[in-house]
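Report on the following structure.
The values are calculated or read from the model by the stated rules, or taken from the named source; none is laboratory data. These numbers were taken from a predicted model, which means no experiment stands behind them. Cβ coordinates were reconstructed from backbone atoms using ideal geometry, including for glycine residues, and neighbour counts include every protein chain displayed. Quick note on the areas: whole protein, heavy atoms, side chains included, nothing else; ligands and nucleic acids left out. Shrake-Rupley method; radii C 1.70, N 1.55, O 1.52, S 1.80 Å.
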Amino acid sequence: MGFKNPVHDPPRRILELDGIRGFAVALVLLDHFWPNVGAWRVALPVTGMGWIGVDLFFVLSGFLITGILIDNLDQPDYFRRFYIRRGFRIFPLYYAFLILIFGFLTVWNGGRDLIKLRTEWGSPVWFFIYLANFITIAKGIFPVFGPLGPPWSLQIEEQFYFGFPIVVRLVRKRFEVLMIAMLLGSLAWRVLMLIYAPENAMIQYVGTLSRLDALAAGGLAAF
C-alpha cells in the first residue's frame, strides 16, 4: 500500500488530542497521589486505573510522530528536521531535571543517597543516555531515589524517536504490516515473559518491547 505524498495543508494542532492528553495526565496523578487510607480507599478501584493514562500517552506519541514522519517522508532534510525538533523539545528540560536531581543527591546527606543508588541500582549514566529502564528491568526494582522512577516512560519514547524514523523510511511500502507485527509481537512478548519471568513485573511495566503495542497502535491509526 505504501505512503502517498500529502496534498493537504500542514496539519494544525488538534485540540481534541490535548483533551485526551489532559485526561491521561489526570489519571496518572490520581493513581500516584490518591490517599490510600480511611474512607478514601473506596475510590481506589477507579483512581488505581492510572496505568491507562500511560498507555494513552504512548498511543498519542505513536499517532503524532507517525503523522509527522509521513508528512515529511520525501523531504531532503527528513532526518535532520525530525531529530532537531525532537531534541529541542525534550533534551533541555530532561537534562535540567537530571542535573538538578543529581546535584541534590551529591550534596544531600553527605552524598550517601547517591552512593546507595550506585550500589543498589546502578550508574546515573544510564539516565543520561535514555536506557535506565533496561537497568530497572535487570535489577527488578525502580531506582532507590523516588523521583528517578517516573522518567522510564520518557526513556521508552526517546528510544522510539531515535529508531522509528529510520524504520519508516526503510519500510514505507509495508508500513501497515510492520505496525501490525509490532503490535502482535509486543503482546506475544508480554505473554512469554509472564510465563517465564513472572517474578519480574518490571519487564511488563517498563520494558520497551512490552510497550511497543501502544506505540504501534498509534502509528497504525495515523497511517
Using only Cα atoms and rounding to the nearest 10 degrees, what angle (0 to 90) does helix 212-222 make with the longest principal axis of the chain? 30
To the nearest whole percent, what portion of all C-alpha pairs in the stretch 101-223 is separated by more than 18 angstrom? 58
Classified through the alpha carbon gyration tensor (a ≥ b ≥ c as square roots of its eigenvalues; rounded if a/c is under 1.5, else prolate when a/b is larger than b/c, else oblate), the stretch 27-72 comes out prolate
How large is log10 I(q)/I(0) at q = 0.10, 0.12, 0.20, 0.23 Å⁻¹ when the Debye formula is applied to the Cα atoms of the stretch 24-127, each weighted equally and without solvent? -0.55, -0.76, -1.04, -1.07
Taking the convex hull of Cα positions in the stretch 43-97, its mean projected area over all directions (nm²): 5.2
Once you order the gyration tensor axes a ≥ b ≥ c over the Cα atoms, which shape class does the stretch 65-171 get: rounded for a/c under 1.5, otherwise prolate or oblate by comparing a/b with b/c? prolate
Those residues of the stretch 137-156 whose amide nitrogen sits under 19 Å from the label point placed on Phe91, 7 Å along Cα→Cβ: 154-156
Longest segment of the chain with no trypsin sites (Lys or Arg not before Pro) in a DSSP loop having at most 13 other Cβ atoms within 10 Å? 14-223
Pop out the carbon and sulfur fraction of the accessible area of the chain as a percent, whole number, probe 1.4 Å. 70
Hits in the stretch 64-83: amide N under 17 Å from the 7 Å Cα→Cβ extension of Leu17, namely 64-73, 82-83
Computed [θ] at 222 nm, deg cm²/dmol, the chain (DSSP H ≥ 4; -39,500 (n - 2.57); rounded to nearest 500): -22000 deg cm²/dmol
Based on Cα positions only, what radius of gyration and what Dmax would you give for the chain, in angstroms? 19.4, 61
I need the shape label for the stretch 125-165. Rule: rounded when a/c is under 1.5, else prolate if a/b > b/c, else oblate, with a, b, c from the alpha carbon gyration tensor. prolate
